[in-house]
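The values are calculated or read from the model by the stated rules, or taken from the named source; none is laboratory data. Computed from a prediction, not measured in an experiment: that's the story for all the values here. Every residue, glycine among them, receives a Cβ derived from its backbone with ideal geometry; neighbour counts consider all protein chains shown.
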Amino acid sequence: MIKITGKFKSKTMPFILTGLVILLDQLTKAYIVAKWPMIGTVIKDVFNNNFLLIYHVRNKAIAFSIGDNVPDQFRFLLFIFIPIVVLVFLVIYYFKSKEFTWLQRWAIAGILGGGIGNIIDRVLREDGVVDFISVRVYGLFGMERWPTFNIADSAVVVCCLLLMVSMLIPQKENLGKNKR
């Protein structure tokens, strides 16, 4: 019989978030594709003020459409193979490291979920990753609207920010270790 120790449980529990992000991401994308197959049209103005639009678009590149002009023969390498390798190394480092805090483990799990969600689209959707959330940013960074994104993108960005902040601010569980 396999005995699950507290350390193993504390390292595997955050992967619930990974699964939830993948599930929510794929369900929302499937809903958008099924209900609004017409790509590039505004589906819904959520608050009726042009702030938050549901807008079905596809992205064959990565964030901000970086790499949109990359030849198809390099797309697999740059947008599928390399991200998979990075995620595998992240998981290996995650399990080998004893230095991650509780919050950092959950943030990494969210990043994995978002990364896997978009890789699924790149592999299974010929037209590219389904993006559908469009937010007005009122000229911030010279843009009227933020580039359209999805649940997976949101998970990656929010969890990366949490991870960075948690690395900059000392955690209570680490304070005792530093005093020795």
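So Val46 fits all but one of (1) of a type in the set (A, V, I, L, M); (2) closer than 22 Å to Trp146 by Cβ; (3) surrounded by 15 or more Cβ atoms within 10 Å (Cβ to Cβ); what number is the exception? Val46 satisfies all of (1) of a type in the set (A, V, I, L, M); (2) closer than 22 Å to Trp146 by Cβ; (3) surrounded by 15 or more Cβ atoms within 10 Å (Cβ to Cβ) except (3). Give the residue that is surrounded by the fewest Cβ atoms within 10 Å (Cβ to Cβ), with candidates limited to residues of the range 89-120 that are of a type in the set (Gly, Ala, Ser) and in contact with a helix residue (DSSP H, G or I) (Cβ under 6 Å, 6 or more places away or on another chain). Only one residue tops the list, namely Gly115.
Please find, among Val123, Val157, Val165, Val137, the residue that is at pLDDT 95 or above, surrounded by fewer than 15 Cβ atoms within 10 Å (Cβ to Cβ) and either among the small types (Gly, Ala, Ser) or on the phi < 0 side of the Ramachandran plot (or both). Let's see the steps before the verdict.
Values: Val123 fails: at pLDDT 95 or above; Val157 fails: surrounded by fewer than 15 Cβ atoms within 10 Å (Cβ to Cβ); Val137 fails: at pLDDT 95 or above.
It is Val165.
For the structure I just gave you, tell me whether Ile62 is hydrophobic (A, V, I, L, M, F, W, C) and touching a helix residue (DSSP H, G or I) at 6+ places or on another chain (Cβ under 8 Å). For Ile62, the condition - hydrophobic (A, V, I, L, M, F, W, C) and touching a helix residue (DSSP H, G or I) at 6+ places or on another chain (Cβ under 8 Å) - is met. Are any of the residues in the range 31-43 in a strand (DSSP E or B) and of a type outside the set (Ser, Thr, Tyr)? Within the range 31-43, one or more residues are in a strand (DSSP E or B) and of a type outside the set (Ser, Thr, Tyr).
Filtering the range 68-85 down to residues that are exposed (fewer than 11 other Cβ atoms within 10 Å of the Cβ) and in a helix (DSSP H, G or I), which residue is nearest to the chain's Cα centre (by Cα)?
Kept after step one, since they are exposed (fewer than 11 other Cβ atoms within 10 Å of the Cβ), are these residues of the range 68-85: 69, 71-74, 77, 85.
Among the residues that remain, those that are also in a helix (DSSP H, G or I) are: 72-74, 77, 85.
Details: Asp72: 23, Gln73: 25, Phe74: 22, Leu77: 19, Val85: 16 Å.
Among those that are exposed (fewer than 11 other Cβ atoms within 10 Å of the Cβ) and in a helix (DSSP H, G or I), it is Val85.
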